[in-house]
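To keep things clear, I will list the structure first and then write my remarks on it.
Throughout, read-outs are computed from the coordinates displayed, never taken from laboratory work. Keep in mind the model is a prediction, meaning the values are calculated, not measured. Every residue, glycine as well, gets a Cβ built from its backbone with ideal geometry; the counts of neighbours run over all protein chains shown.
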Amino acid sequence: MSAESVIYYLKRPPASDPVDETEWLFSALGQFTGAELRELLYIAQEPGFFETMRAVFALPEHSRSVLQEFLAAEDPRPVRAAIEPDGRCVLQRGAPQPRKPQLKIVE
């Protein structure tokens, strides 16, 4: 899979032809559940969302895969990001969050 380009219309109509956006929208809506659409709408309103997604998909395939694995890992530790002088972005997991002591019932 290459991230060189994202094509929305394989056969783009000439600029003078009307585009049936309603048909395209209903087709796209049929691919997601209501909950997924609400989540997508909510997340898409975050500042910089589209720029971030474009940057992620512009990464080389290996780098994108490593980043996705890192972010998808079920690890409760906080993540810290730093930009190094050579321009590399380094993500590190911090120290584990302190656990609340479990209460022990004594009779």
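Over segment 62-107, the pair-distance histogram of Cα-Cα distances with 5 Å bins from zero comes to 5, 16, 18, 19, 14, 9, 6, 5, 4, 3, 2, 1, 0 percent, rounded to whole numbers.
For segment 21-93, a simple Cβ point-charge model (Lys and Arg +1, Asp and Glu -1, everything else neutral) yields a dipole of about 280 debye relative to the Cα centre.
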